[in-house]
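Structure first, then comments.
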Amino acid sequence: GIARIPHPARRVPLLGDVLGVSPSAPVQDSMRMARELGPVFQRKVFGQRIVFVADPGLVAELADETRFVKKVVLAVERLRDVAGDGLFTAHSDEPNWRLGHEVLAAGFTREAMVRYHPTMVAMAQRLTASWDRRAAAGDPVDVPGDMTKLTLETIAHTGFGYDFGSFERSEPHPFVTSMVSALLHAQDRRLLIPGVRTVFARAVRKRVTGHHGHLRSVVDEVVRRRTAEGDESTDDLLGLMLNTGRPGTGERLDAANIRNQVITFLVAGHETTSGALSFALYYLAKHPEVLARARQEVDEVWGGAEVPGYEQVSKLRYVRRALDEALRLWPTAPGYVRAARADTVLGGRYPMREGAWALVLIPALHRDEEVWGPDPEAFDPDRFLPERVRARPAHTFKPFGTGERACIGRQFALHEAVLVLGLLLRRYDLHDHADYRLRVTERLTLMPEGFTLTLTRRKVPA
Ligand code: HEM
């Protein structure tokens, strides 16, 4: 039974396994425990037992939709304070999950990506305009900060026709500040302690309620703009929700749910992609031979084109492999939770009652030596050569989650990120001027902290 699952030896009542680990890096602490305890282990955090799974066979089993389903618990449950029954935080059996999924799926087809492409290019050009100025002045660029500006503008423009003016600001848009506070708050494990929820939480709640209120007011403004324009023809995400509704029936989402979806997409649609781009640039800057191969591909596929077309982005197969490899090492949404639909036995060893759940620890899964070989920490995009992907078992690479509740924005993120990497590699030489050492910060998502580069413009081949 569950007693067979290893747990850290040191156990203090109440504090459980938290003592001695940093409350701000739960994912990296858990990755360390997976190394020490193996690919199935449990941690007791403030009285709550969490089972972590990083074993490829068990992860594949948990992907079986007939036996397991996404469960909204822990930090994701606390995000419901701000995102309610939006797609990410909706319970799987909530009617608004399926309705929202069906309404919004039309915004993520290949045709939709082709429609978004020119806007994605335009947002990337705002980034390069800003980086050109930095390059000319010899000033370093704040990579995660600028990737966040880029990805926020991209989802806001493509999804909602809204401009945050991120590149015209010296400070992050207040929406981003409030979002980060909300994410950090959801991650704060002190809030799991019974009693502290009232004492400590009352103090933080006041501040966080302010941030949540700010997020809602931004969203109401986004929707108000569109309705005031009276334009019912736009087929972006907001248009699908306001005007189109459910395919076939036209059934609409209610106003409260639309607000939850807008917050959800503004946050889910930029935070993780920003981290993925930042980690990819980190590995490219540290691996000149990979960068050279990636850039050669861009030069060959794009030639002298001023801006790439949609197809020219899809053809950057090596750049895509470098991105996949960055997402292997640092999947920026690092976990997902699967619950048993009925009493079952996981892997023939671990009995689970109906509703019992386990957290898939993606960065540990992505370092399994049976699957990835003896040096899983090594950055090697060739791991994603088609023949090597085909040779690996299913469900060993899961940066976008699994099944029906997997990431709806996967193609959006991949197209945006490959496009931007292509543009940046073609335009700049990257200099690791500060001899950066990777520090990963956690705010539910993962992000390299304090990562700067200097740039020089490169001659683009004719
Ligand atoms: C769900 C990762 C980009 C929107 C998920 C899940 C993961 C994930 C792991 C499943 C979470 C769970 O099972 O609890 C990522 C990564 C991204 C990315 C790594 C970038 C590299 C995006 C983008 C959008 C988006 C660009 C929107 C434009 C969503 C939504 C869900 C989701 C709405 C919830 C889907 C549902 O439950 O129906 N994402 N995501 N994501 N993602 Fe993404």
Discussion item. Of the residues Val114, Val141, only one is modelled with pLDDT of 95 or more and under 23 Å from Phe412 (Cα atoms); which?
Written reply: Val114
Worksheet item: Within the range 250-282, how many residues are hydroxyl-bearing (Ser, Thr, Tyr), touching a Pro at 6+ places or on another chain (Cβ under 8 Å) and within 11 Å of Thr332 (Cα to Cα)?
Response: 2
Response to the item:
Flagged in the range 431-454 as away from the ligand (no atom under 14 Å from the Cβ) and in a loop (DSSP other than H, G, I, E, B), in numbering order, are Asp432, His433, Ala434, Asp435, Tyr436, Arg437, Leu438, Arg439, Glu449, Gly450, Phe451
Item to complete: Report yes if Gly159 is modelled with pLDDT of 90 or more, within 16 Å of the ligand (Cβ to nearest atom) and in a helix (DSSP H, G or I), otherwise no.
Response: yes
Discussion item. Consider the range 261-316. How many of its residues are part of a loop (DSSP other than H, G, I, E, B) and either within 15 Å of the ligand (Cβ to nearest atom) or buried (at least 22 other Cβ atoms within 10 Å of the Cβ) (or both)?
Written reply: 4
Discussion item. Against the condition out of contact with any Leu (no Cβ under 7 Å at 6 or more places or on another chain) and free of Cβ contacts under 8 Å to residues at least 60 places away in the same chain, how does Gly239 come out, does it pass?
Written reply: yes
Worksheet item: Out of (1) surrounded by 14 or more Cβ atoms within 10 Å (Cβ to Cβ); (2) at pLDDT 95 or above, what's the single condition that is false for Glu404?
Response: (1)
Item to complete: Among the residues of the range 140-161, write down those that are closer than 23 Å to Gly239 by Cβ and surrounded by fewer than 21 Cβ atoms within 10 Å (Cβ to Cβ).
Response: His157, Gly161
Item to complete: Under 6 Å between Cβ atoms, at least 6 apart or on separate chains: pull out the pairs that start in the range 65-83 with a residue that is closer than 21 Å to Val208 by Cα and end on any residue that is within 11 Å of the ligand (Cβ to nearest atom) and in a strand (DSSP E or B).
Response: Val73/Val337
Response to the item:
Taking the range 239-260 and keeping only residues that are of a type in the set (Gly, Ala, Ser) and in a helix (DSSP H, G or I), one is left with Gly239, Ala255, Ala256
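The values are calculated or read from the model by the stated rules, or taken from the named source; none is laboratory data. Source: prediction; values computed, not measured. Note that we place each Cβ from the backbone using ideal geometry, even for glycine, and neighbour counts take in every protein chain shown.
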